[in-house]
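Working notes, beginning with the structure itself.
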Amino acid sequence: MSVNEEHATDNDSARANVQWGGRFAGGPSAIMQDINASIGFDKALWRQDIAGSLAHAAMLAKTGIISAEDEAEIRRGLTGIGEEIEAGRFDFSPRLEDIHMNIEARLSDRIGEAGKRLHTARSRNDQVATDFRLWVRDAIDGLDGQIASLMRALARRAREHAADPMPGFTHLQTAQPVTFGHHLMAYVEMLARDRGRLADTRRRLNECPLGSAALAGTSFPIDRRMTASALGFDRPTANSLDAVSDRDFALEYLSALSIMAMHLSRLSEEIVIWCSAPFAFIRLSDAFTTGSSIMPQKRNPDAAELVRAKIGRITGALVGLLTVMKGLPLAYAKDMQEDKEPVFAATDAAALSLAACDGMIRDLKPNTERMRAYAGSGFSTATDLADWLVRVLKLPFRTAHHVTGRLVALAESRNVDISDLSLADMQAEEPGITQDIFSVLTVEASLASRTSEGGTAPANVRAQAERWLAALGATP
């Protein structure tokens, strides 16, 4: 170690003791420093920390707790620190534990005594709670734009393929024909709810903890509504204990992300299935596939597979933070330092997953002929036959179901489709059947008939796609 490095280390140790005040005479052990420091990850909060400090300083000056001159110096110093961090010239020190102490210590270095007045009427407890809420709020705003982009991509492809048939599945068995557009629009609806859950989370978290201090509030005549307003919060938090000691906003955020990740995982699983040779419903370009190290013919949908896997990180973050919080008495405990890393990691995974799904939806090329061929397989129009018996012959649906089942069994025994049976074959099961029955046993007729609200009729799908594109501000 050089003399300068040794001097810097000594200064850091001394500074850490100064930050703590006079309570601790000796420095912490190396192990304690390692387990206690969070600067390695909470430096991500630097923008929020500076914003909160600027609002706090302005409030302290407005209420006469510090002078206007000190506030001006603090503002100048914090602005300069922000520029240092942006430029990569800021020295983040683990000995100063976290982003709050790092910025505060640097502020005192830059402006002297005025910097030491900044922490009046606040604690790191309300400071970090404020910073973290600001960070999660910003993250929600960023993800909201990504979700909207994916919804637009899905709605555009749905409009493009509003009338293209594909098999609709239950239990991954052919059930009834739907359109490819209808299938894609199902994910638009899911993502809309995901977007709504995140918006609800944002609304609930938008209360400002700043001014709650360590746990009991402060004796200084602060104006919490001023700081809340300056930081874009709707109001201050109502209880100082609750403000510093709960992380339900982070848990709700991770819960919403987990549900969204589940939806993205389902979409990705379908992309994997559709890309497989036995299905071959779609093709992804080289942009979203990889090859094999040994099999030259392979085109692997790795982007979809990785999105499918990312839910493990996101739900793991939720379970991890729930476990951290479940046994903590009020108010703050250092366990809560473990709140940020999982939230940061889950946000990164969610953002990457959204970007990948957006890209794949825009990139994929449907094999509409193959999907159409499969749409009519597996006796997919059997329900249309049963519906005709009810609608035209006025049979009870359960009776119509049994008649149709016997006709399916007959067609299956002959290795033909229902529409390949003769009229005589059908009348042997139900004498009232007429030649008109064959008009409903095509894929196109089945699709066109599903006009109920939310059904797969092409006109419905097109209208829903247009409605969502308009709502999402998409250009024609």
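Add +1 for every Lys or Arg and -1 for every Asp or Glu among the other residues with Cβ under 13 Å from the Cβ of Pro167, and state the total. Could you put the intermediate results ahead of the total?
Details: positive: Arg370, Arg372; negative: Asp164, Glu270.
Local net charge: 0.
For the chain, take the longest principal axis of its alpha carbons; what is the angle in degrees between that and the long axis of helix 397-413, to the nearest 10 within 0 to 90?
The two axes meet at around 70 degrees.
Would you grab the residues whose amide H sits under 5 Å from the one on Thr290? Only those 5+ places off in sequence or on another chain, please, with H modelled 1.01 Å from N.
Asn300, Asp302
Quick check of the Kirkwood formula: for region 370-429, what is the inverse mean of 1/r over all pairs of different Cα atoms, in Å?
Details: mean 1/r = 0.0839 Å⁻¹.
Its Kirkwood hydrodynamic radius stands at 11.9 Å.
Working with all protein chains in place, sort Lys340, Lys326, Lys365 by solvent-accessible area computed with a 1.4 Å probe, largest first. Present the calculation step by step, with values, prior to reporting the outcome.
Details: Lys340 10, Lys326 165, Lys365 135 Å².
Greatest to least solvent exposure: Lys326, Lys365, Lys340.
What is the local net charge at Met360, summed over the other residues whose Cβ is closer than 15 Å to its Cβ (Lys, Arg +1; Asp, Glu -1)? Each step should come with its number before you reach the end.
Details: positive: Arg152, Arg156, Arg157, Arg266, Arg283, Arg299, Arg308, Lys310, Arg362, Lys365; negative: Glu269, Glu270, Asp286, Asp302, Glu305, Asp358, Asp363.
Net of charged neighbours comes to +3.
Restricting attention to the alpha-carbon atoms of the chain, what are Rg (one decimal) and Dmax (integer), both in Å?
Using the Cα atoms of the chain, the pair Rg, Dmax is 31.0, 103 Å.
Using each residue's phi in region 437-452, evaluate 6.51 cos²θ - 1.76 cosθ + 1.60 at θ = phi - 60° and report the 3J(HN,Hα) Karplus result to the nearest Hz, with x for Gly and Pro.
Couplings: 4, 5, 6, 9, 9, 9, 4, 4, 5, 4, 4, 5, 7, 7, 8, 4 Hz.
Using the beta-carbon distance between Ser419 and His171 and R0 = 35 Å, what value does 1/(1 + (r/R0)^6) give for FRET efficiency, to the nearest 0.05? Numbers along the way, then the final one.
On the way: r = 24 Å, r/R0 = 0.67.
The computed FRET efficiency comes out at 0.90.
Against the longest alpha carbon principal axis of the chain, how many degrees, from 0 to 90 and to the nearest 10, is the axis of helix 99-111 turned?
It works out to around 40 degrees.
Please list, ordered by chain and number, the residues whose modelled amide H lies under 5 Å from the amide H of Ala175; skip anything fewer than 5 residues away on the same chain.
Distant-sequence amide H within range of Ala175: Gly168, Phe169, Thr170.
Roughly how big is the chain's charge dipole about its Cα centre, with Cβ charges of +1 (Lys, Arg) and -1 (Asp, Glu), in debye to the nearest 20?
Its charge dipole is roughly 760 debye.
Calculate how steeply helix 124-160 sits against the longest principal axis of the alpha-carbon atoms of the chain, using the helix alpha-carbon long axis, and give the answer as 0 to 90 degrees to the nearest 10.
The answer is roughly 20 degrees.
In terms of solvent-accessible area of protein heavy atoms at a 1.4 angstrom probe, what is the ranking of His263, His401, highest value first?
Putting His263, His401 in descending order of accessible area: His401, His263.
List every residue whose amide H lies under 5 Å from the amide H of Arg283, counting only residues 5 or more places away in sequence or on a different chain, with H placed 1.01 Å from N in the peptide plane.
Amide H neighbours of Arg283: Lys365, Asn367.
Using θ = phi - 60° and the Karplus form 6.51 cos²θ - 1.76 cosθ + 1.60, what ³J(HN,Hα) does each residue of region 331-344 get, whole Hz, x for Gly and Pro?
10, 6, 9, 5, 3, 6, 5, 7, 7, 7, 4, x, 5, 4
On the full set of protein chains, 1.4 Å probe, figure out the accessible area of Arg124 and give it in Å² to the nearest 10.
Spelled out: Arg124, probe radius 1.4 Å, area about 50 Å².
In what sequence, largest accessible area first, do Phe92, Phe132 appear using a 1.4 Å probe? Provide the component values of the computation, followed by the final result.
On the way: Phe92 60, Phe132 0 Å².
Heavy-atom accessible area, descending, gives Phe92, Phe132.
Rg/Rh for region 379-472 to two decimals, with Rh computed the Kirkwood way over all alpha-carbon pairs.
On the way: Rg = 15.9 Å, Rh = 14.5 Å.
Reported Rg/Rh, Kirkwood definition of Rh: 1.10.
The values are calculated or read from the model by the stated rules, or taken from the named source; none is laboratory data. Nothing here was measured: the structure is a model prediction, and the numbers come from that model. In this analysis, Cβ positions are derived from the backbone assuming ideal geometry, glycine residues included, and neighbour counts consider all displayed protein chains. Note: accessible area is taken over every heavy atom of the protein model, side chains too, but ligands, DNA and RNA are not part of it. Shrake-Rupley method; radii C 1.70, N 1.55, O 1.52, S 1.80 Å.
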